[in-house]
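Please read the structure below before turning to the comments.
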Amino acid sequence: MIRRRPDADKLGTDPRAIQESAPSPIVQSIDFSQTAPPSTEQGSEQFEEQQQIPPDVRVSEGGFRQIRDESLVLLSQGITHRIERSEEGPFQIFVEPEKRRAAQFQIRLYHRENPPRDENPPLPLKFTLHPLWVLAIPIACTLLDFSDISIQMHNAGIADASKILRGEWWRTITAMTLHADSRHLASNLVSGFLALSLLHYRIPLAKLVPFLAVASAIANFFVALTVQTSFRSLGFSGFVFATIGCLAVIEFRLMPRETHGMLRRFAPLCGAASLAVFLGLGENADILGHLYGFIAGLLCGFIPKKKTLRWGTPTVAADILWIAAYYALFIIGWTLAI
């Protein structure tokens with residue numbers, strides 16, 4: 001029986017964990033630098049046996065999710081294998097030579113029922129809970145600000161251009177977590193949830209969100225540097241526009257090389273810029289904050305490697321550290337503010 005394609009969000013994302021759960025294949029190393037077998041008779045026999053063992057053969061190559069699913073199929077059929085990643089980016093499955101035909105047969109049956117996706121499929125509009133851990137910070141801080149628990153929270157955290165230029169740089173961080181009213185909060189949460197959801201389907205959020213937060217804080221500083229007055233601003237919208245800019249660059253980098261035409265090539269950037277203008281212009285809108293946030297997000301789009309974007313990447317322990325860094329940034333900002 002062939003297992004159908006598992007849900008990518010519910011299964012583990014570490015190919016090493018898949019490899020460890022299966023029986024370890026026999027891996028034999030051969031040193032071809034020796035020009036002659038060992039002098040002893042026993043060593044000569046071992047050398048001849050090693051020469052007779054053929055190396056593992058590759059049976060599949062592709063993106064991380066594809067190889068993970070194929071690995072689960074092979075595990076369900078008791079076919080031992082190992083997963084490696086090539087220097088070019090794609091993941092590969094290797095099996096022992098005598099298991100090659102069986103492995104290829106099972107993989108073909110699996111793809112017959114579950115056709116592989118395109119190399120650069122369009123972004124799906126699916127519901128996911130991943131953006132919630134990012135939006136938890138502005139939600140919690142805004143609700144505390146609206147309550148009577150911390151009376152001085154609003155004045156201590158708002159981005160005041162004159163105070164920022166006098167050394168209170170932490171306001172560029174704390175201002176992202178505050179909002180003027182419930183309508184302001186709701187609009188940023190909805191737009192932020194959609195933008196982060198789309199970004200999640202290209203790369204795990206933990207690998208980029210800390211950089212987007214720092215970029216948004218830098219954008220707030222440049223707003224203060226440009227205005228140089230008692231201009232005051234607040235809101236998570238700078239982070240949202242940084243996410244839109246980052247996503248635009250990622251889509252631009254994933255555009256196939258054979259794409260012809262200047263307009264088609266730059267369609268992601270043009271579309272994101274149009275969306276930013278549409279969302280960024282409004283009554284009491286911080287236009288400079290939106291503009292600088294969008295520009296900072298464009299730069300963040302070049303942080304991940306192209307092979308990571310194209311072929312996928314597993315979730316590793318370092319991602320937990322990036323999540324902790326994201327929360328630590330706002331903890332430090334509010335510690336200095338209050």
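The values are calculated or read from the model by the stated rules, or taken from the named source; none is laboratory data. As the structure is a computational prediction, the values presented were derived from the model and not from experiment. Glycine also receives a Cβ, built like all others from the backbone with ideal geometry; neighbour counts cover every protein chain displayed. When the accessible area is computed, the model is the full protein with side chains, heavy atoms only, and any ligands, DNA or RNA have been set aside. Shrake-Rupley method; radii C 1.70, N 1.55, O 1.52, S 1.80 Å.
Numerical summary
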| item | result |
| --- | --- |
| Verdict on Asp160 being farther than 14 Å from Leu329 by Cα, charged (D, E, K, R) and over 33 Å from the mean Cα position of the chain (by Cα) | no |
| Single condition Ile149 does not satisfy, out of (1) open to solvent by less than 50 Å² (accessible area, probe 1.4 Å); (2) over 16 Å from Leu336 (Cβ atoms); (3) at pLDDT below 90 | (1) |
| Subset of the stretch 140-164 (residues that are of a type outside the set (Val, Ile, Thr) and outside any helix (DSSP H, G or I)) | Ser147, Asp148, Ser150, Gln152, Ala159, Asp160 |
| Matching residues in the stretch 188-198 - criterion: being closer than 13 Å to Phe239 by Cα and buried (at least 17 other Cβ atoms within 10 Å of the Cβ) | Asn188, Leu189, Ser191, Gly192, Phe193, Ala195, Leu196 |
| Residue within the stretch 215-233 that is among the hydroxyl-bearing types (Ser, Thr, Tyr), surrounded by fewer than 24 Cβ atoms within 10 Å (Cβ to Cβ), out of contact with any strand residue (DSSP E or B) (no Cβ under 9 Å at 6 or more places or on another chain) and assigned to a helix (DSSP H, G or I) present | yes |
| Residues of the stretch 169-182 that turn out to be among the charged types (D, E, K, R) and without any contact (Cβ under 8 Å) to a residue 60 or more places away in the chain, as a count | 1 |
| Those residues of the stretch 72-104 which are loosely packed, with under 13 Cβ neighbours inside 10 Å and not small (Gly, Ala, Ser), in sequence order | Glu87, Glu88, Pro97, Glu98, Arg101 |
| Positions within the stretch 273-327 being small (Gly, Ala, Ser) and within 24 Å of Ala161 (Cα to Cα), in sequence order | Ala276, Gly280, Gly282, Ala285, Gly289, Gly293, Ala296, Gly297 |
| Complete set of residues in the stretch 157-187 that are surrounded by fewer than 18 Cβ atoms within 10 Å (Cβ to Cβ) and aliphatic (A, V, I, L, M) | Leu165, Ala180, Ala186 |
